[in-house]
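See structure below.
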Amino acid sequence: MHINKQGFTLIELLGVITIFGILCLLAIPPILNQVNQNKRTISDANMKIIEHAAHLYLDNKTAANQTYCVTLQQLVNQDLLTDPIQDFNNDSIIALDRYVKITTDANKKESYKLLESGVNCTPTSTTGS
């Protein structure tokens with residue numbers, strides 16, 4: 001006697017679905033962690049680009065122990081940045097009214113900080129740019 005079996009039984013389907021579910025539970029967290037790590041890396045790279053653009057904007061005209069302020073809009077206007085600037089940490093566009101605050105130490109070493117929207121920056125020195 002020959003039994004003609006077509007398709008899968010319910011038990012076989014449940015077994016495959018269970019195995020697939022377990023594999024998903026094992027694979028998804030590392031993938032999500034990698035996506036988040038990549039977003040942080042891209043955000044760090046964007047900040048380095050903004051810092052470099054601010055450095056080019058100042059054109060080595062900095063003095064020791066000074067604070068300089070430049071908006072992202074000024075950097076875009078000088079073709080040092082392109083608009084829009086994506087913030088991958090919170091999946092938004094960085095507002096161009098934000099200031100980059102550049103401070104120099106006694107050796108004229110520059111440090112940069114991107115201020116939040118609405119936060120004013122008070123320079124101790126200005127450039128002719």
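The values are calculated or read from the model by the stated rules, or taken from the named source; none is laboratory data. In this text, all values refer to a predicted model and were calculated from it rather than measured experimentally. Every residue, glycine among them, receives a Cβ derived from its backbone with ideal geometry; neighbour counts consider all protein chains shown. Surface accessibility is based on the protein's heavy atoms, side chains included, excluding ligands, DNA and RNA. Shrake-Rupley method; radii C 1.70, N 1.55, O 1.52, S 1.80 Å.
Numerical summary
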{"read-out": "Under 29 Å, Cα to Cα: Lys pairs in the chain, sequence gap 8 or more or different chains", "value": "15"}
{"read-out": "Label-point separation, Gln86 to Gln37 (7 Å along Cα→Cβ), nm", "value": "2.0"}
{"read-out": "Cβ crowding within 10 Å averaged over residues, with 18-30, 55-67 ranked highest first", "value": "55-67, 18-30"}
{"read-out": "Integer Hz, Karplus 6.51/-1.76/1.60 couplings in order for the stretch 6-11, x for Gly and Pro", "value": "10, x, 10, 7, 4, 5"}
{"read-out": "With every protein chain in place, the chain: carbon and sulfur % of accessible area (1.4 Å)", "value": "58"}
{"read-out": "Estimated FRET transfer efficiency when R0 is 25 angstrom, pair Asp59-Ile93 (beta carbons, to 0.05)", "value": "0.35"}
{"read-out": "For the chain: accessible area per residue (Å², 1.4 Å)", "value": "71"}
